[in-house]
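Below: the structure, in structure tokens.
Since every read-out is calculated from the coordinates, none of them should be taken as a lab result. On a predicted model such as this, the values are computed, not experimentally measured, just so you know. All Cβ positions, glycine included, derive from the backbone under ideal geometry; neighbour counts span all protein chains shown.
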Amino acid sequence: MTSTTFAVAEEYPHYIEFRHVYKTFDKPVLVDSNFHVDGGQTVAIIGRSGVGKSVTLSHIMGFLKPDQGRVIVAHEDVTNYDEAEMNRIRRKVTMVFQSGALFDSLTVAENVAFALEQRADYDEKNRDDVVRGLMRMVDIWDMRDEYPADLSTGFKRSVAIARALAAEPQCLLYDEPTTMVDPIMSDHMTQLMLRLKRDHQLTSIVVTHDLDLMNNVADTVVFLNKGHVAFFGPTKELYQSEDPDIQEFLELDKIIRGASIPAQDPMRMGLGELEH
């Protein structure tokens with residue numbers, strides 16, 4: 001390891017870090033935001049709609065720049081990086097969008113292979129083996145010849161994950177990976193994320209409203225409220241927080257889950273409800 005690498009590691013010890021980040025559009029979205037992600041960790045970012053969760057991901061990817069503060073990504077201060085420098089960082093840190101952001105004119109296999117062609121060490125002779133391995137890893141091999149329009153939302157995200165992995169990133173950012181998918185696909189996504197964490201030691205950040213997903217995959221939680229980081233710490237400690245906004249958020253999640261049971265499970269309804 002060179003002296004320069006040591007110096008960078010000492011100055012920016014966390015893989016991703018927000019240092020007093022502010023961002024305002026029509027109103028403040030991020031206010032003195034501070035948190036960090038260490039290598040190999042999975043951090044969940046939660047909170048109500050409009051509190052800055054996706055804006056946080058956009059800062060990490062360099063799509064947005066902070067009004068104040070510093071953004072550290074891959075142990076580098078990327079706050080003032082230009083597009084060419086950010087493209088280098090994006091080879092280490094990649095994002096799985098809600099939509100999947102796939103190429104509609106390419107098959108599933110071609111979408112995954114496209115990411116390989118962006119790598120400097122790309123070896124066309126091994127392409128088919130690599131693509132096959134990636135698609136089997138995320139359980140989409142049987143869909144290799146289909147087009148994105150033929151896939152459900154959940155499977156589009158699985159393809160997007162395979163394509164992201166083809167670039168051999170160090171870190172994955174997930175934007176609401178279980179939103180608008182059925183419970184079976186939600187469980188599939190959760191198990192996939194756990195497998196990637198366990199087998200590949202990928203650093204990851206997941207923006208989610210799904211507290212089951214948070215509890216299953218996250219080591220640490222960032223709770224955003226009115227632009228502020230209201231909680232940053234181990235997942236289990238979130239439930240012990242005395243912050244009234246956090247407790248209200250957790251209670252609302254319980255109510256929503258409870259309210260969904262009758263509609264999904266008629267056997268739990270009273271006889272009077274069934275008669276109507």
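Data table
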quantity	calculated
Cα centre as origin, Lys/Arg/Asp/Glu Cβ charges: the chain dipole, Debye	300
Kirkwood-type radius of the range 101-168, with distances r between different C-alpha atoms, in Å	11.6
Ellipsoid equivalent to the range 1-159 - semi-axes via the Cα gyration tensor, in Å	32, 22, 13
Relative contact order (%) - the range 101-168, alpha-carbon pairs under 8 angstrom, separation at least six	52
Set of lysines near K254 by C-alpha distance (under 20 Å), chain-local residues within fewer than 8 positions excluded	K236
Exposed GluC sites (Glu not before Pro) absent - longest run of the chain, DSSP non-H/G/I/E/B, at most 16 other C-beta within 10 Å	1-116
Listed residue (A164, V78, Y239) projecting farthest to the positive dipole end of the chain, Cβ model	V78
Computed helical MRE - 222 nm, the chain, DSSP H runs ≥ 4 contributing -39500 (n - 2.57), nearest 500	-12500 deg cm²/dmol
